[in-house]
Structures are given as structure tokens and as C-alpha cells.
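Values in this text are rule-based calculations from the coordinates and carry no lab data. This one's a predicted model, so the numbers in the text were calculated from it and none came from an experiment. When we count neighbours, we look across all protein chains shown, and the Cβ atoms used for this are built from the backbone with ideal geometry, even at glycine.
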Amino acid sequence: MTENEFIAELRNHSQKAYAKLIDDFQQKVFATCISFVPNREDAEDIAQEVFVEVFNSIGKFKGNSKLSTWIYRITTNKCLEFIRKKSTKKRFGFLQSITGNDIPFDKTSYFTEMNHPGILLENKEKTETLFKAINKLPEAQSVVFTLCKIDGKSYEEISEITEKSISSVESLMFRAKKNLQDILGDFYKNDL
């Protein structure tokens, strides 16, 4: 079955095509989700949302990119949406705590909860430090760094997923590395 035939089957709401979509992309989508949100349960929830979105929005797919690129774009956007919602709740909880209303909502270490299946116990502390540093980067730098260094995507793939030029991706990656060196340098300097 060609990609166009597969897309046509998805547009016709074929259960067989949907099952193939999940078989082909489940692990890849989950790996991307857990790269952005290192909490297994939430990454699984986001991955489910991605497949629902793909199935519901397949009619809007224009074919300007490969189907896989479109799916990774949806995955990245769903992860960023989730992170923004968590950050909003964290800020709201902080405001509640300083005004004395309600119990403070503290999720400061949420995005460093290391339930990532590939992380060995002895590396969890280093990984937690790295994820904290990545979360301090501006969003565009964080996305490019995560897709490249954690999810293993090439600059070309990242360019397609983020809809940015390759030179823009390279520039964001350069700035992300520089900022991470500064952030981690300060961390280790203060830690000694």
C-alpha cells in the first residue's frame, strides 16, 4: 500500500488503516512524547491524544510533507501544549500560595520526574539536571534540542517538523548548546 492509498484509507475511517497507523507509529510517537515529558503516564496520555488528533484531522492533511512529519508535528505541538498547561497551573498555584488562598500547587520538579524507561538509576541525577536545564531554555531552542539530542532527529527532519529552515534549526541548536553550557556551568559551579 502506498502512502497515498494509506492516507485515503485513513480518510475513509478504515479501522484496518487506523490499526496500521498505531502499529507503525506508536513507539515513535511515545518516544517523542517521553523526550518532552519524562513521565510515562503523561507521555502515554499525550500519545493517545496524538492518534485521536491524527485520525480526526486526517482530512486536513494537505500532503505538503510526509505523513510521518505531520504526525511528529502534531506530537511536538501536543507535548508543548501539555507543558504550557502545566506551567500555567504552576504559576496559578504560586499566586494562590502568596495570596493565602487554597493549598499551593507545587509541580516544580514535575518535568524532571525520571520515569523515562531508558534511564539507569545511577544516571537519573545527571538526567534530572539536564532536563531542568533544557526546561530553562526558550521554547524554540528547547524543541530543537529535544528533537535532535534526545529524540535523535536530523536537522532536516527537525526543519520539516518545526517548519523552520535548516539554517534556523542550526542557529537554534547552536544557541541552545551555548545556553545549556551557561546554565549547567552555573549549576556545577554552585554545586561544588
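Starting from 0.36 nm per residue, how many nanometres of slack lie between Asp186 and Ala8 once their C-alpha separation is accounted for?
58.8 nm
If I take every Cα pair under 8 Å that is 6 or more residues apart in the range 1-76, average their sequence separation and divide by the length, what percent do I get for the relative contact order?
Relative contact order of the range 1-76: 36 percent.
What FRET efficiency do you get for Gln27 and Lys178 if R0 is 30 Å and r is their Cβ-Cβ distance, rounded to the nearest 0.05?
Once rounded, the FRET efficiency stands at 0.40.
In whole Å, what is the distance between the alpha-carbon centres of the range 163-185 and the range 1-68?
Computed from Cα coordinates, the inter-centre distance equals 28 Å.
Summing +1 for each Lys or Arg and -1 for each Asp or Glu, what net charge is found among the other residues whose Cβ lies under 13 Å from the Cβ of Leu67?
Its environment carries a net charge of +2.
Let me check I have the definition right: for the range 1-54, take the eigenvalues of the Cα gyration tensor, multiply each by 5, take square roots. What are those semi-axes in whole Å, largest first?
Over the Cα atoms of the range 1-54, the semi-axes work out to 25, 10, 8 Å.
Could you tally the net charge around Ala17, taking each other residue with its Cβ under 13 Å from the Cβ of Ala17, Lys/Arg +1 and Asp/Glu -1?
Around Ala17, the charge tally is -2.
Whole-Hz ³J(HN,Hα) for each residue in the range 7-16, computed from phi via Karplus 6.51 cos²θ - 1.76 cosθ + 1.60 with θ = phi - 60°, x for glycine and proline: what do you get?
Listing the rounded values in order: 4, 4, 4, 5, 5, 7, 6, 6, 5, 5 Hz.
Explain nothing, just compute: Karplus ³J(HN,Hα) = 6.51 cos²θ - 1.76 cosθ + 1.60, θ = phi - 60°, for every residue of the range 21-38 in order, whole Hz, x for Gly and Pro.
4, 5, 4, 6, 10, 3, 5, 5, 5, 4, 4, 5, 4, 6, 5, 8, 10, x
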